[in-house]
Amino acid sequence: MLDILHRVTREVNAAPGLSQALRIIVERVADSMSVDVCSVYLRDSVQGDFVLMHTRGLNPEAVGRVRLATAEGLVGLVAEREEPINLENAPAHSRFRYFPETGEERYSSFLGVPVIHYRRVLGVLVVQQVEQRRFEENEVAFLVTLAAQLAGAIAHARASGGIDGLDAGTPAAGRTLRGLPGAPGVAMGTAVVSYTQADLNAIPDRASADVETEVAAFEAAVERVRNELEALREQIADSVTPDEQALFDVYLRMLDGDSLVRETIERIREGNWAPGALRRVICEHVQVFEDMDDPYLRERASDIRDLGRRILARLRDEGERVREVPDQAVLVGHEVSASQLAEIPRESLVAVVAATGSRNSHVSILARAFGIPAVMGVDDLRTRELEGRPTVVDGYSGRFYVDPSPTVEQEYQRLLDDEAEFAKGLETVRDKPSVSPDGRPIALYANTGLISDINLSLAAGCDGIGLHRTEFPFLIRDRFPGEEDQVALYRQVLEQFNPRPVVLRTLDVGGDKSLPYFPIVEENPFLGWRGIRLTLDHPEIFLTQLRAMLRADVGLNNLQILLPMVSRLEEISDVRRLVARAREELAEDGIETRTPPLGVMIEVPATIYQIDRYCDQADFLSLGSNDLTQYLLAVDRNNSRVAGLYDELHPAVLAALREVVWAARRHGKRLTVCGGMAGDPAGAILLMGLGVEGLSMSVSSLLRIKWVVRRVPVSRAAELVNRAIEMDSPDEVRRMLRRTLEEYELGGLIRAGK
Ligand code: PEP
Ligand code: MG
């Protein structure tokens, strides 16, 4: 049963379109359950009706014609109840509705299960039999499981548009995909698909400019692979058995037996470029093998895939094809690396979209540095269909529109125009103080991580660096950076901002930020070995970083050190000991250093319940609203499935923040908020209202937030936050803040999305 489930799901996911996907479902279900009829009905999103989309057993003429209103028939009943309905004698049921064109009266038993995707009923899967019987429990369970597994694929296939008989009359609007905001901003442009050599599936279809050149490149690549394989076979002849050597013969036969090569050339002649044609042929052959019942033959699918990758790699270096990059390029890929991003000319690149990753991925960080939007973790991206398509990228809400409708385009064009207008307005506050209309100064700091951020933050006139994430140099190297390297990096930041304070955070890797040369594989990385936990376990790495920080501070005296992911008080004393040791070691080398203020990130909920003790032991506090929200709400901040539940404006989060602000005030401890909330106009208002006097944010938000600070009195913000904490839901809070921003003529700061 499990095997069938896997195979059907795999086949459906690989189907080129909805109609093929539905055919596979219907055929496989009918075969494996040995029923007389299997049909699938999908909901027409415009009229709400259920339309018969595919059937085996009913009259094929009925497909597309049989439509049931939501409250009609047994299909409607399944959808209404959102659960399976299993009937022995369906025609006797009061909701049975007879359609003469289906020839349905002959079937007595009926089992219908809903296909539900994220709470929405997309359709109903039905099996029927002439024989009068109730379907058995395991049959019901099978169909329910299958429907649940297929819901995502059906939702995707539907969203791709062009469905026969369904959604008739709607404009050919494109797909809207949801991901995670990686870098803020909005952009419109043409998709350029990036892929790695190893990722055969991601290769896009693309019209070839010159068929003969493509064919020649392909044949040359095949020839090179053939030579390589022959050489390999010779090379290993001494060390393997003849059986093992024969594996290479299998490969060679696949190249010589002409189907792979011939079919690819045919596809090229039909107009696809060589890599696209190759992908199609390889995928088809892989599919054939994967469908085989014989486990040995099924394994051969991986040989074919491997062969495909080899030819592809050779094809790539055959041409090193010069890519034509459109003027407004949106780089799209399954996994986009920083180097792929760098391959696109800077002036043409307007946005990045990836199926994997999060706001902490290299690409997101780079996108922020470039000031372009990024959307990460997009489910169902299907990159190979995207090349050359018009798109809109909304890095605020994490939405990605493919073939956007004219309405969507107009809406975003308006947003872009407003932004440009607003940016001009923002310039006027650049040299003005960050003080509220009722005279309360709010210090504004920058979050940095790249050297390129620094110039920008200087230009934006901030009060210092509230959070310098030190991960970046660790992430982009192939080993831990040495002490000298680190001294140079930290010195540059400290010097540029001197005498303004610079908060350097110690290494915060683990979680979703893993170092390529120090892989950590964990079931629950966010609850795992991250931040201070990891660095305390590796004093050799930690001491190098601490020493580098202390040395960089010599003569400047504006360094403050911040500890990420603290969840136990003793972690602070452990670090104090290490700082003392680092200072002693440096003193032995003749370098006199000072003990810098040591701060703690408040980002693990436990710290809030011991907040008085943390106030006693730390020199300052920095509230990490990103992680605090994720841990308080138990929502992985990088999981797009639950992205809708992640909200820093949740009243529970606000109530927790209030505890921290109050405690800091009681103890006279400095408190800054450095998570994304500080750079969000709505979040910033609430924080001001709570009494936070320091906000640290990405450089691109600084002027925006200064604008807000100068408009909204702290007394008003305090009223708002008191009301917000009493509210039931984050949506209610957001609505209230939307109204407030409009009232202060800050409506231009409200983004699409949340
Ligand atoms: C936070 O968690 O709010 C924070 C600022 O740190 P990071 O986003 O780097 O985890
Ligand atoms: Mg954090």
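The values are calculated or read from the model by the stated rules, or taken from the named source; none is laboratory data. In this text, all values refer to a predicted model and were calculated from it rather than measured experimentally. Methodologically, a virtual Cβ is constructed for each residue, glycine included, from the backbone with ideal geometry; neighbour enumeration extends over all protein chains shown.
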If we scan the range 726-741, do we find a residue that is part of a strand (DSSP E or B) and crowded, with 23+ Cβ neighbours inside 10 Å?
no
Please count how many residues of the range 604-623 are away from ligand 2 (no atom under 16 Å from the Cβ) and of a type in the set (Val, Ile, Thr).
1
Please go through the range 37-86 and give me each residue that is among the hydroxyl-bearing types (Ser, Thr, Tyr) and either over 24 Å from Arg133 (Cα atoms) or part of a loop (DSSP other than H, G, I, E, B) (or both), ordered by number.
Ser45, Thr70
I'd like to know if the range 537-559 contains one or more residues that are farther than 24 Å from Gln492 by Cα and in contact (Cβ under 8 Å) with a residue 40 or more places away in the chain.
no
Extreme residue, nearest to Ala69 (Cα to Cα), among residues of the range 30-47 that are within 32 Å of the chain's Cα centre (by Cα) and surrounded by 22 or more Cβ atoms within 10 Å (Cβ to Cβ):
Arg43
Leading residue by the ranking (farthest from ligand 1 (Cβ to nearest atom)) among those in the range 498-538 that are touching a Leu at 6+ places or on another chain (Cβ under 7 Å) and in a helix (DSSP H, G or I)
Thr535
Among helices (runs of 4 or more DSSP H) completely within the range 624-719, the ones holding 1 or more residues that are more than 16 Å from ligand 2 (Cβ to nearest atom) and either buried (at least 23 other Cβ atoms within 10 Å of the Cβ) or within 28 Å of the chain's Cα centre (by Cα) (or both) are 651-667, 681-690, 702-711
Which residue out of Leu671, Leu686 is within 22 Å of Leu746 (Cα to Cα), away from ligand 1 (no atom under 12 Å from the Cβ) and in contact with a helix residue (DSSP H, G or I) (Cβ under 9 Å, 6 or more places away or on another chain)?
Leu686
Given the condition over 34 Å from the mean Cα position of the chain (by Cα), assigned to a loop (DSSP other than H, G, I, E, B) and not assigned by TED's automatic domain parsing to the domain that holds Gly644, answer yes or no: does some residue in the range 109-127 qualify?
no
Scan the range 316-327 and give yes if some residue there is at pLDDT 80 or above, surrounded by 22 or more Cβ atoms within 10 Å (Cβ to Cβ) and part of a loop (DSSP other than H, G, I, E, B), otherwise no.
no
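One line per residue, one yes/no per condition, for (1) over 18 Å from Gln560 (Cα atoms); (2) within 13 Å of ligand 1 (Cβ to nearest atom); (3) free of Cβ contacts under 8 Å to residues at least 24 places away in the same chain; (4) outside the structural domain of Ser696 (by TED's automatic domain parsing):
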| site | (1), (2), (3), (4) |
| --- | --- |
| Asp589 | yes, no, yes, yes |
| Glu592 | no, no, no, yes |
| Pro605 | yes, yes, no, no |
| Arg613 | yes, no, no, no |
| Leu623 | no, yes, no, no |
How about the range 197-287: which helices (runs of 4 or more DSSP H) wholly inside it have at least 1 residues that are closer than 30 Å to Gly388 by Cβ?
211-236, 259-269
Which numbered condition Arg594 misses (of (1) within 16 Å of ligand 2 (Cβ to nearest atom); (2) surrounded by fewer than 16 Cβ atoms within 10 Å (Cβ to Cβ)):
(1)
Do we find that Asp31 is within 20 Å of Ala141 (Cβ to Cβ) and out of contact with any helix residue (DSSP H, G or I) (no Cβ under 8 Å at 6 or more places or on another chain) in this structure?
yes
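Let's see how each residue does on (1) under 35 Å from the mean Cα position of the chain (by Cα); (2) acidic (Asp, Glu):
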site: Asp258; (1), (2): no, yes
site: Glu263; (1), (2): no, yes
site: Glu266; (1), (2): no, yes
site: Leu278; (1), (2): yes, no
site: Val281; (1), (2): yes, no
site: His285; (1), (2): yes, no
site: Glu290; (1), (2): yes, yes
Residues satisfying the stated conditions in the range 1-27, i.e. among the charged types (D, E, K, R) and within 17 Å of Asp380 (Cβ to Cβ):
Arg10, Glu11
When Arg568 is run through (1) modelled with pLDDT of 95 or more; (2) within 16 Å of ligand 2 (Cβ to nearest atom), the failure sits at (2)
Out of (1) touching a strand residue (DSSP E or B) at 6+ places or on another chain (Cβ under 8 Å); (2) free of Cβ contacts under 8 Å to residues at least 12 places away in the same chain, what's the single condition that is false for Lys424?
(1)
Hits in the range 395-437 (condition: in a helix (DSSP H, G or I) and closer than 16 Å to Leu703 by Cβ):
Asp418, Glu419, Ala420, Glu421, Phe422, Ala423, Lys424, Gly425, Leu426, Glu427
Looking at the range 648-659, which of the residues that are more than 19 Å from Leu444 (Cα to Cα) and in contact with a Leu (Cβ under 8 Å, 6 or more places away or on another chain) is nearest to ligand 1 (Cβ to nearest atom)?
Val653
Being buried (at least 19 other Cβ atoms within 10 Å of the Cβ) and closer than 16 Å to Ile725 by Cβ: is that true of Leu621 here?
no
With respect to the numbered conditions (1) within 26 Å of Ala656 (Cβ to Cβ); (2) in contact with a helix residue (DSSP H, G or I) (Cβ under 7 Å, 6 or more places away or on another chain), which one is the sole condition not fulfilled by Trp707?
(1)
Among the residues of the range 597-616, what is the count of those that are over 32 Å from the mean Cα position of the chain (by Cα) and either in a strand (DSSP E or B) or crowded, with 16+ Cβ neighbours inside 10 Å (or both)?
4
